[in-house]
Amino acid sequence: MTEVGNRAVFGSDRPIGVAVLGMGNVGTEVVRILREHADDLRSRVGAPLVLRGVAVRRLDVDRGIPADLLTTDAEALVTRADVDLVVEVMGGIDPARGLIGAALSAGKSVVTANKALLADYTGELAAAAERSRADLYFEAAVAGAIPVVRPLIQSLSGDRVNRVVGIVNGTTNFILSAMDETGADYEVTLKEATRLGYAEADPTADVEGYDAAAKAAILASLAFHTRVTAADVYREGISNITAEDLETAAAVGCTVKLLAICERVPAGPGEPAPADGGKERISVRVYPALIPRKHPLSAVNGAFNAVVVEAENAGRLMFYGQGAGGAPTASAVMGDLVMAARNKFYGGRAPGESVYAELPIAPIGDTPTRYHVNLQVADRTGVLQAVAGEFAKHGVSISTVRQEGSDEGARLVVVTHHAEESALADTVAALAELESVTSVTSVLRLEGTEE
Ligand code: NAP
């Protein structure tokens, strides 16, 4: 094997060996595609891709492949001399982290779908890949089948990305869409999602926003050339969303979605503006928010995902499709595998990690958003004035107020202009103290409006 520019560096009869770690939802489909489409893959790569082994935990399960391909010794598999590429689809942090590290250190290129691992350890893994001049690909880690990682790394590498907003968790989108459609409450809808296989037995990672936060960290790192980890992401889940929230959202022409938002925001308080030499910051956050029904993300229903990227020159781009599932996720894994195999065959490498910008992360407290505040109040004169007074006192400007009668008095729905989280939090605390306010029923952010 020699380095010869754009010509094959492997002989075309020299197979490229592939090891797969994990044969669950995704791994089973990766193995199927490798075997069913071997001839096409050979033509696309220039050399045959040969499955050398599959690491699993249990050997006593019939997986429809020759038993001698299966092993529980993943460590030995990833460093075998006849393995050139490793696909990690076992999930979790350990042992996946060590196995990927060992594979990269041994010069094997790695394709992984493991967002939880990448959200915290991309730096470590990218450094290992850099040291041994191997590739680390992870298209499947964000939004399943949807190509969004490669567009950010490659297609938009000559542009400046300002904002990435996505629905990146199918389970929560399924639940919120169903609540919107049926008027049912969260618990009932979660049960139905579990029955249909859209939610796991322990749905915490999805419904509390951890999965979306891991993906937001990956997207923000790529979009802003800055290392962002899951701990940098402000996160709220959907378990407090009620049928009433969806109903009041509908009344103002909105629906509720769990959004992952990554955007550039101005320099911090007291800092000069970016135009005057101050350093701009980035905000990375995951929370349920109202979005207008005319916003393109509001039409993303069921378990589908979508990501909207706004770039200085490209303008707004939208990527939409299946964000999970064995075959859709395997499609993204296979795309990466073909790229990594071609790099092995012809020489060359994928772009490495780009974190040169090192932008600071803005705390959620000074990230301005619009808010939708739902209050239960006494039905008497002067209440509206008292409520509006608290907003004014804390510098939160009101956009609209709706009032309706209810069994226990009146309901006020206040929509604000952009306000900082900390100012809104102070306003809400003051409202709760007002004698005429029975309760602050909900506070939700409003995203996707023009102002
Ligand atoms: P899964 O169905 O739970 O499968 C995990 C597989 O890994 C199983 O075959 C398991 O072996 C094997 N495994 C786990 N720990 C192991 C260990 N210590 N040693 C050897 N084998 C081990 O998982 P999945 O749904 O396919 O997800 C895999 C990865 O893809 C995760 O990182 C996930 O976040 C990511 N992903 C999944 C989806 C999706 O829709 N499922 C979408 C995007 C990304 P046994 O079969 O013997 O138990």
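I'd like the full set of residues that are over 17 Å from ALA134 (Cα atoms), in a loop (DSSP other than H, G, I, E, B) and open to solvent by 70 Å² or more (accessible area, probe 1.4 Å), limited to segment 63-89.
Answer for segment 63-89, where residues must be over 17 Å from ALA134 (Cα atoms), in a loop (DSSP other than H, G, I, E, B) and open to solvent by 70 Å² or more (accessible area, probe 1.4 Å): THR72, ASP73.
Looking only at segment 101-150, how many residues end up being touching a strand residue (DSSP E or B) at 6+ places or on another chain (Cβ under 7 Å), open to solvent by 10 Å² or more (accessible area, probe 1.4 Å) and assigned to a helix (DSSP H, G or I)?
Selection size over segment 101-150: 1.
Okay, residues lined up against (1) out of contact with any helix residue (DSSP H, G or I) (no Cβ under 7 Å at 6 or more places or on another chain); (2) more than 24 Å from SER221 (Cβ to Cβ); (3) within 15 Å of the ligand (Cβ to nearest atom):
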residue: LEU69; (1), (2), (3): yes, yes, yes
residue: ASP84; (1), (2), (3): no, yes, no
residue: VAL87; (1), (2), (3): no, no, yes
residue: GLY98; (1), (2), (3): yes, no, yes
residue: ALA103; (1), (2), (3): no, no, yes
residue: GLY107; (1), (2), (3): no, yes, no
residue: LYS115; (1), (2), (3): no, no, yes
residue: ALA128; (1), (2), (3): no, no, no
residue: ALA134; (1), (2), (3): no, no, no
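Do you know which of the residues in segment 370-417 that are touching a residue at least 60 places away in the same chain (Cβ under 8 Å) and open to solvent by 40 Å² or more (accessible area, probe 1.4 Å) is nearest to PRO292 (Cα to Cα)?
Of everything passing the filter in segment 370-417, THR400 is nearest to PRO292 (Cα to Cα).
Scan segment 284-300 for residues that are open to solvent by 10 Å² or more (accessible area, probe 1.4 Å) and assigned to a strand (DSSP E or B) and jot them down.
Correct list: PRO292 only.
Could you check how many residues of segment 47-62 are open to solvent by less than 40 Å² (accessible area, probe 1.4 Å), in a strand (DSSP E or B) and either without any contact (Cβ under 8 Å) to a residue 60 or more places away in the chain or over 13 Å from LEU337 (Cα atoms) (or both)?
Here the count works out to 4.
Which of the residues spanning segment 14-46 are open to solvent by 20 Å² or more (accessible area, probe 1.4 Å) and away from the ligand (no atom under 16 Å from the Cβ)?
ARG14, PRO15, ARG35, GLU36, HIS37, ALA38, ASP39, ASP40, ARG42, SER43, ARG44, GLY46
Scanning for something surrounded by fewer than 17 Cβ atoms within 10 Å (Cβ to Cβ) and under 25 Å from GLU247 (Cβ atoms), does segment 303-323 turn up at least one residue?
Within segment 303-323, none of the residues are surrounded by fewer than 17 Cβ atoms within 10 Å (Cβ to Cβ) and under 25 Å from GLU247 (Cβ atoms).
Which of the residues that make up segment 151-174 are in contact (Cβ under 8 Å) with a residue 60 or more places away in the chain and in a helix (DSSP H, G or I)?
PRO151, LEU152, ILE153, GLN154, GLY170, THR171, THR172, ASN173, PHE174
Considering segment 197-226 alone, what residues qualify as being over 22 Å from LEU259 (Cβ atoms) and without any contact (Cβ under 8 Å) to a residue 12 or more places away in the chain?
GLY197, ALA201, ASP202
Name the residues in segment 175-194 that are aliphatic (A, V, I, L, M) and not in a helix (DSSP H, G or I), would you?
Passing the criteria: only ALA184.
The values are calculated or read from the model by the stated rules, or taken from the named source; none is laboratory data. Since we're looking at a predicted model, the values are computed, not measured. Reconstructed Cβ throughout: ideal geometry from the backbone, glycine too, with neighbour counts over all protein chains shown. What goes into the accessible areas is simple: the full protein's heavy atoms, side chains included, and nothing from ligands, DNA or RNA. Shrake-Rupley method; radii C 1.70, N 1.55, O 1.52, S 1.80 Å.
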